[in-house]
Each structure stands twice: as C-alpha cells, then as structure tokens.
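Here the structure comes first, spelled out in structure tokens, and everything after it is commentary.
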Amino acid sequence: MLELVVYEEDKQQQPFEALLSICPVLEDLEVWFREDESIREFAINVPSLRKVCLHVSYYWSSLERYEIDTPCLECLELADWSDSSCLVKCMPKLKKAHVDVYNTSLDGSKMISNLIQNYRISLANLFPLAL
C-alpha cells in the first residue's frame, strides 16, 4: 500500500494524472489534497477503480476544476468544500456514496442524477441544489 506521495511541480505533465496512468489495475484510491497544492485541474479516470475517497480542502485556492470518470466505481466518498468546478460522470455500478459538498460551482442536480439510481446514498451540505 502506498501511503504518501510528494511530487515536484512539473509544467509539462500533471503529476497526479501521470501517477494514476501507470496504475491500470488500481481498485482503491484515497486522496487528501492539501491547501497549498499548485494543481489547477485534475481528472480521476481509472476504469478499474472500485472505491474513491476524495478530500478537497476549503483553502485550496488554485484548483479550478476536476473530473471523476470511473465506470466501475462501487463506492464514492467525496468531501469538497472548495469552489472549483466538478464533473462526476455516470457510475452505473455505484452502490454506496457519501457526498459532502459545499460548492457554488457544482451542478448539484447533474451529480444527483448520476448517483440517484444507486442503493445507499448519503448527501450532506450539497449546495446549491436545484432539482
């Protein structure tokens, strides 16, 4: 199990995405982004992922957008109190989700429609939510 990764900023390549791209059979991912991250955008696009726990700090001011595209995902835990744009794509195998989001840039209704077909969903502080 990989516990901690610290990487230098690379203008040519997104280090987080580069790390994910060399893990084609990754099934469980937990990421805690610190508030002093310099990443402006990232994507979690790993077809083999079954569980994602993503924590985005309220104080992470450089983040502009991120995307989660994991079609085999069964469990999602998302805590995002930043004001960045987030795209969560359809997750047909999702069985459990906990979403704690306070984000004025998030399309809450789109996220709900991508999660609504699932069995156990817990939503906390989803803002704004216009269904």
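The values are calculated or read from the model by the stated rules, or taken from the named source; none is laboratory data. Just so you know, these numbers come straight off a predicted model, no measurement behind them. Cβ atoms come from the backbone with ideal geometry, glycine included; neighbour counts cover every protein chain shown. We work out accessible area using only protein heavy atoms, side chains counted, and drop any ligands, DNA or RNA first. Shrake-Rupley method; radii C 1.70, N 1.55, O 1.52, S 1.80 Å.
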Averaged per residue, what accessible area in Å² does region 33-92 show with a 1.4 Å probe, protein chains only? 45 Å²
How far, in nm, would the chain grow between Glu77 and Tyr58 when pulled straight, counting 0.36 nm per residue and subtracting the alpha carbon separation? 5.2 nm
Region 34-56 scanned against label point 7 Å out from Asp100 along Cα→C-beta; backbone N under 15 Å for 53-56
Modelled label-to-label distance, Asp69 and Asp28, 7 Å Cα→beta-carbon offset: nm? 2.7 nm
